[in-house]
Structure formats: C-alpha cells, structure tokens
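Let me begin by presenting the structure, written as structure tokens, before commenting on it.
The values are calculated or read from the model by the stated rules, or taken from the named source; none is laboratory data. Quantities reported herein were computed from a predicted structural model and do not represent experimental measurements. Counting neighbours? That spans all protein chains shown, and the Cβs are built from the backbone with ideal geometry, glycine included.
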Amino acid sequence: MLNNVLSSFLLALLSSHLLSVNGANHDVTLSGLSYSPNHLDSIAAGDTITFMASGGSHTATQSTLENPCVHATGGFDSGTLSSGQTYQITVNDTTPIWVYCMMPGHCRSGMVFAINAGDQLTQFQQAATGGSTGSSTGSAGSAGSTASAGSTSSSQAPTDPYSSPNAGRTTVGDV
C-alpha cells in the first residue's frame, strides 16, 4: 500500500515537472493588418507562441517598446510568411516581447503584437501608429530579451528582402 501511494506521488510530481518544463502553446494568427490576438499576457518561461499566416504576406519580427517598427538588434525575424506557413518562438522569461510586421506599411497601420506587455501595450501601439521614428536597428537588450535561431522547420527560400532562411523555431529570452 505504501509503495502504491509513493509511486502515485512520484508519478504526479514527475508529470507536473514535465508540464512546467514543456510549457503551453499559444496560437497567433497574422491576417489583414492585425495579429489575433494582438497581445498575450501571463506567458510563462517555456511557453511557445506559434504565429500562423492566414492571407497575405506577413512577418513576426521582434522590436522594442521605444522603436516598435524597427527590427531589434539580435531579435528574431520569421522572414516572410505566406498563407498557411507558421513560425514558432519559445519564451525563456516573462520580460515583455514586442513584435511587428515588417511588410511595408503594416506596422504603421497598427500591425503589432506584444507578449507580457502589462500596462505598456497602449504605449507600444500608439508609438507604432503615431509616426515615431527610430534608427535602422533597435536594441533587443532594452526589451529584456535576446534571440537565437533554433531548428528550421520551414523550407521557404529567401525570395525577397523580407524573407529569411531562418523561418521556423526561435528561442526568446535571457539565455
């Protein structure tokens, strides 16, 4: 009897540990001039975000709060995603992550997305559409996250300046 109780306890403990290590997946659709949903809060380390293109060409490109329409130095970039293509990131910490679509005109039209933005979401959205200017590169460090390319799951070849051979899976957060 004691062995059964102990075995059940150990199995439950192991299962909860595996669930917290693997994290949850959250789907985000890129369509028209929006991400749906346009933000996700309470995202934990180990969670994954899967960006799914649905109609048109879009990107999921990391930026900063201060420069929402500028690719953050060292930040992730899905490359151009066409309808049906996906790009996945893994979140390593709970620091806010700022994302925009770098297709011409999309960010300035409000196509931005945030992870764990808290009360800064409106500021980010207004900066994107308010005509704020930035340098040609932002700083991923100012957003509290870094990115590194992971395994490639897309066979998309670069065909335009918004394409990337690194489309697929990226890990985001402090490493």
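Just a few scattered comments:
- Only one of the numbered conditions (1) at pLDDT below 95; (2) in contact with an Asp or Glu (Cβ under 9 Å, 6 or more places away or on another chain) is not met by residue 52, and that is (1).
- When the range 66-123 is filtered for residues that are part of a strand (DSSP E or B) and among the polar types (S, T, N, Q), the ones remaining, listed by number, are 73, 86, 88, 90.
- Residue satisfying all of: in the range 62-107; surrounded by fewer than 21 Cβ atoms within 10 Å (Cβ to Cβ) and among the small types (Gly, Ala, Ser); nearest to residue 41 (Cα to Cα) among these: 74
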